[in-house]
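Asks: For reference, the structure I am asking about is given below.
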Amino acid sequence: MAELDRTLPFQAIAEQSIIVKLLIHPDMFADVERKLSPSDFYIKNFATTFEAMKIVNMELNGVNYASVMDVVKKSLTDTEFKKYAAELEAFIGSFPDSNNMDDWVKLVRDSSMLRKIATASREIESSAMERGADVNQVLDNAQQKIYELSNNRDSNEFVTMHEALMQSLSHIELLKTDPETAKGIPTGFSTVDEVIVGLGKGDLVFIGARPGMGKTSFAMNIAANVAKSTGKAVAIFSLEMSAEQLATRMLASEALVDSYNLRSGKLTTDDQTQIGYAAAQLSKTNIYIDDTSGITVMQMKSKLRRLHNLGLVIVDYLQLVTGDRRTENRVVEVSEITRNLKIMAKDLGVPIICAAQLSRSNEKRGSSDKKPMLSDLRESGSIEQDADLVMFLYSDSYYDKDKVNPEKANIVQCIIAKNRHGSIKTVDLAWSPQYTKFSSIASNVSEND
């Protein structure tokens, strides 16, 4: 074997035993593959062999010695291959066929993790020692590295095409056998979910509207729906309202009690009963509210890493978020914020919904053309570029109540203006302003012009 760097921990006997055991008993590969990756092996030839097993297993739906060695041969010189093949045959010939696979796998995984921790520690130390290093940036990078390790993720490893294809094929199979599980997190609005197929992991979603159109209420309705239906943690960063104000609004929506009566205390006996039941239901959810004013994305990420079983993040709203780097150009600052929100969504593996104000540009258009467009996003910069999904809320009654049919006065259009994963459509939603609550209206999905 090649000379090894003994400054890092590794388990040579365990690595050798796993490879030999799998070559003798290839039926065990499927189980081991779920627990180990090639990068977990420290000894290069063993890592190459395990990678070859993954390739053969994908192509042949099984592992066999000859096929594996044919793949290994492509990665080594003739001399290296002959030497390694002879060593493997000697290992196989003298291998005691014991059943210690779980122990070997644990040893290899633990050693791999220790190496990653050691490497991350060196990188953290190096960045901290740099002259003029930014403390917040160093701290965020350090937290990110530890977060990735604690979630068994390695940001420095490539994913091979066949690994990506295996993930894709598994997802396609899941869509066939259990389509509901394979979809993204449902918003709780069936007609919206028909179009967007749920909120995907790592998606950055913007809800845009003019002030008073209901974007915060829509986001809070989704938060409550997700928390109740999934049991996952939902984190809300409320930069405009206090936690108490937000909780009061969500209580009104859940209890279907007039929000004015709730704030003024003018409650009937039935109202009090409904509030008690709604409060009990909301208390069972894992909703967390942070009402820090002027919070940065870096600070959000630091807080989110402490939450377990995170399912959704909501930011209300974009224009109140502070940039990690101050700049005189607010458009550039907002662009950096949206880019960092997208990176955070991807790193955490959860959808992030961010409410955003619209500029007044739509109000300057003709009287019959006030529906918002992507270009109406205030300080848009890279918002429409970074977003996976953009939804606008719009109602004719917002601009002229007298010209709107009374039967449609409380109908709000949810305009899905960008959908990276699907179609562009408009959905009608029922809006109950007294309860700050939206609800679906059956069969009302239409194509956008």
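Asks: Output the residues belonging to the stretch 48-66 that are buried (at least 18 other Cβ atoms within 10 Å of the Cβ) and of a type in the set (Gly, Ala, Ser).
Replies: Scanning the stretch 48-66 gives a single hit, 52.
Asks: Inspect the stretch 104-124 for any residue being assigned by TED's automatic domain parsing to the domain that holds residue 161, surrounded by 16 or more Cβ atoms within 10 Å (Cβ to Cβ) and more than 20 Å from residue 10 (Cβ to Cβ) and give the result as yes or no.
Replies: yes
Asks: Could you identify the single residue in 209, 219, 252, 224 that is in contact (Cβ under 8 Å) with a residue 60 or more places away in the chain, more than 19 Å from residue 342 (Cβ to Cβ) and under 22 Å from the mean Cα position of the chain (by Cα)?
Replies: 224
Asks: In the stretch 422-449, how many residues are at pLDDT 85 or above and more than 20 Å from residue 256 (Cα to Cα)?
Replies: Adding up the residues that qualify gives 5.
Asks: OK, next. Looking at the stretch 200-226 only, could you name the residues that are among the polar types (S, T, N, Q) and under 18 Å from residue 286 (Cα atoms)?
Replies: Matches in the stretch 200-226: 221, 225.
Asks: Give me the pairs: first residue in the stretch 284-303 and under 14 Å from residue 343 (Cβ atoms), second residue part of a strand (DSSP E or B) and among the hydrophobic types (A, V, I, L, M, F, W, C), beta-carbon distance under 9 Å, and six or more apart or on different chains, which are they?
Replies: Final answer for the pair search is 297/315; 300/235; 300/237; 300/313; 300/315.
The values are calculated or read from the model by the stated rules, or taken from the named source; none is laboratory data. Predicted model, so just to flag it, every value in this text is computed and none were measured. Every residue, glycine as well, gets a Cβ built from its backbone with ideal geometry; the counts of neighbours run over all protein chains shown.
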